[in-house]
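Structure record follows, encoded as structure tokens.
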Amino acid sequence: MLAGELKSLKVAILGVSLAVCGTFAMPAYAFDPGAGVTKESGPFALFKFGFSAYKNGRKDEAVEAYKYAAEKGHTGSRWALANMYAYGDGVAENDLEAFKIYSEIAQQGVEPGSEDTGYFVNALISLAGYYRRGIPDSPIKSDMAQARQLYFQAASTFGVSEAQFQLARMLLSGEGGSVNVQQAKKWLNRARKSGHAGATGVFGNVIFQEGQTVRGLAYMTAALDQCSPKDRPWLQSMQEQAFSLASEDDRRMAISLSQNLHMQGDDD
């Protein structure tokens, strides 16, 4: 969910190096004569064709269409193509190529209220992830300060809960700067109020460590009830560790409280 006011006519990425960015290499593909589009078609027509081809499992045609549309400046096609490279979806996985395309999207900025805002914010978050871990055997090295800055931009300007969550984690661990538990709690609280289960669990763990045993354990338990399957292992491990440290009375109270706990509540 995107929120917050844009303070300038154009929001541009801060500090992302474009030295590695280049133009798309266009292979000599040819569309099926019955496809209704050619490489000379307009970018939106190519994007629509690529989206349809992707949905129908013709990912090679989707890549072709997205590349032609991206060459014509279509942001949605660039974003789709970058994701395919990032996840090895229909093409060989290539993180450096994905990084280049995300960088182009971020560098071009976004107009307030633009339909491209979602693509821009996704590019910021994807770039932050790459800077956080680096790309092996490439010029892109781990840069925690840059990652933290990008998460902050997406979290503060656009109110994106995932960026708020990741920024909070960096603030708690001191990645890319100093540790700041109070700022981390602020961002976790914002993210959990947007329904982010991971933020709810980590927020609960932080206040549990601060001595709010019942309330902290209740948030961790509530997060487990609402998390995605991929987040369950680490959330469950964190909750079980806290559970083992709590008294029987505190456990009962926490379980009862978690059943009435809404992640969108006003607690801080």
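Accessible surface area normalised per residue over region 191-268 is 52 Å², counting heavy atoms of protein chains with a 1.4 Å rolling probe.
Accessible surface of Ser256, taken over heavy atoms with a 1.4 Å probe and every protein chain present, rounds to 60 Å². Let me make sure I get this right: for region 86-180, a, b and c are the square roots of the gyration tensor eigenvalues over alpha carbons, sorted descending. Under 1.5 in a/c it's rounded, otherwise prolate if a/b > b/c, else oblate. Which is it? The shape class here is oblate. Taking amide H atoms as placed 1.01 Å from N in the peptide plane, the amide H of Val110 lies under 5 Å from those of Val11, each 5 or more residues away in sequence or on another chain. Rounded to the nearest 0.05, the FRET efficiency derived from the C-beta distance between Ser173 and Phe44 at R0 = 51 Å is 0.75.
Keeping all protein chains in the complex and leaving out DNA, RNA and ligands, what accessible area do you get for Arg58 with a 1.4 Å probe, in Å² to the nearest 10? For Arg58, the solvent-accessible surface is approximately 90 Å².
Shown are Phe99, Phe49, whose ranking by accessible area with a 1.4 Å probe and every protein chain present, most to least, is Phe49, Phe99. Distance between the C-alpha centres of region 61-116 and region 147-204: 26 Å, rounded to the whole angstrom. The modelled label-to-label distance for the pair Lys186/Asn260, using points 7 Å beyond Cα in the direction of Cβ, is 3.1 nm. Under the criterion of Cα pairs below 8 Å and six or more residues apart, the relative contact order for region 128-268 equals 17 percent. Classified by the C-alpha gyration tensor, region 141-268 has a prolate form. Its axis ratio a/c, with a ≥ b ≥ c, is 1.5 or above, and a/b is larger than b/c.
The values are calculated or read from the model by the stated rules, or taken from the named source; none is laboratory data. All values derive from a computational prediction rather than experimental measurement. Note that each Cβ is placed from the backbone with ideal geometry, even for glycine, and that neighbours are counted across all protein chains shown. Each accessible area value is taken on the protein alone, full model and side chains, heavy atoms only, with ligands, DNA and RNA left out. Shrake-Rupley method; radii C 1.70, N 1.55, O 1.52, S 1.80 Å.
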